[in-house]
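Q: Structure in structure tokens, see below.
The values are calculated or read from the model by the stated rules, or taken from the named source; none is laboratory data. These numbers were taken from a predicted model, which means no experiment stands behind them. We place every Cβ from the backbone using ideal geometry, glycine too, and count neighbours over all the protein chains shown. Please note that ligands, DNA and RNA were not included when accessible areas were found on the heavy atoms of the full protein model with its side chains. Shrake-Rupley method; radii C 1.70, N 1.55, O 1.52, S 1.80 Å.
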Amino acid sequence: MSEEKDIFKQLFEQEEPFTEKQQKIVEAAIEMFADKGYASTSTSQIAKKAGVAEGTIFRHYKTKKDLLLSIVSPTMAKLIAPFVIRDINKVLDAKYEHYEDFLRAMILNRQEFLKDNMTVFKILIQEIPFHPELKEQFKEHIARKIFDKFTSLVDHYKEKGQIIDLPSPAVVRFSATSIFGLLLVRYVFLPEEEWDDEKEIDMTVQMIMNGVGKE
């Protein structure tokens, strides 16, 4: 079972287990939110896909936004965050001799994570900018913890003389946006293109090092 299926299995087995109809509703909503986006998905479409009456959705959720939050909020706090933190810590806690080795390992790590969690990632990336509640949860459960560790690592490589004298948070932002930009285009915007992943990773690492690395 992939990590993503594992995440959804745990979601359906939370403290207040879902009814069979509720599980069908959530499964349909997850698929449609990821495919069409929250704004373009109606509750009637979700109901049709789930094989339930539209009124059944509103017996469980007052609004469509309640349905979105019921999926993303517990998934973010209890399921996605532990998966993300545990998985990314494999890289953040490892001892790489050079910053560029760390960058390459980070890209490969996030690449594998995305392959296993693309559906929920699509929902998050599409909806976080438009829902302050989700943005705050992402910052609290994931972003701050990763940013702090990443910053400490940059401090380490600066002390080793591998990174130029820039504020560490700025180096983190530049590195992270370069990595995230590659993965976003590769897996969300243009997945159908022919990609030479090894070459793209090498070029991304080289561009980051050209920006922040010492000669």
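Q: Can you give me the accessible area per residue for the chain, using a 1.4 Å probe, in Å²?
A: Result: 55 Å² per residue.
Q: Within 10 Å, count the other beta carbons around each residue, average over each peptide in 103-114, 179-190, and list them highest first.
A: The packing order, highest mean first, is 103-114, 179-190.
Q: In degrees from 0 to 90, rounded to the nearest 10, what is the angle of the helix 20-36 Cα long axis to the longest principal axis of the chain?
A: Long axis of 20-36 versus the principal axis of the chain: about 50 degrees.
Q: In straight Cα distance, which lysines are under 22 Å from Lys158, not counting same-chain residues fewer than 8 positions off?
A: Lys90, Lys95, Lys145, Lys149, Lys214
Q: Which value in Å is the Kirkwood Rh of the range 105-188 over different Cα pairs?
A: Here the Kirkwood hydrodynamic radius works out to 14.3 Å.
Q: Per residue, how big is the convex hull of the chain when only Cα atoms are used? Give it in Å³.
A: Convex hull volume per residue, Cα atoms: 131 Å³.
Q: For Asn89 and Asp35 in the same chain, what is the full-extension length gain: residue separation times 0.36 nm, less their Cα-Cα distance, in nm?
A: 16.5 nm
Q: With all protein chains present, how much of the accessible area of the chain (probe radius 1.4 Å) comes from carbon and sulfur, to the nearest whole percent?
A: So the carbon and sulfur contribution to the accessible surface is 53 percent.
Q: Summing Lys, Arg as +1 and Asp, Glu as -1, what charge do residues with Cβ under 12 Å from the Cβ of Ile164 carry, Ile164 excluded?
A: It works out to a net charge of 0.
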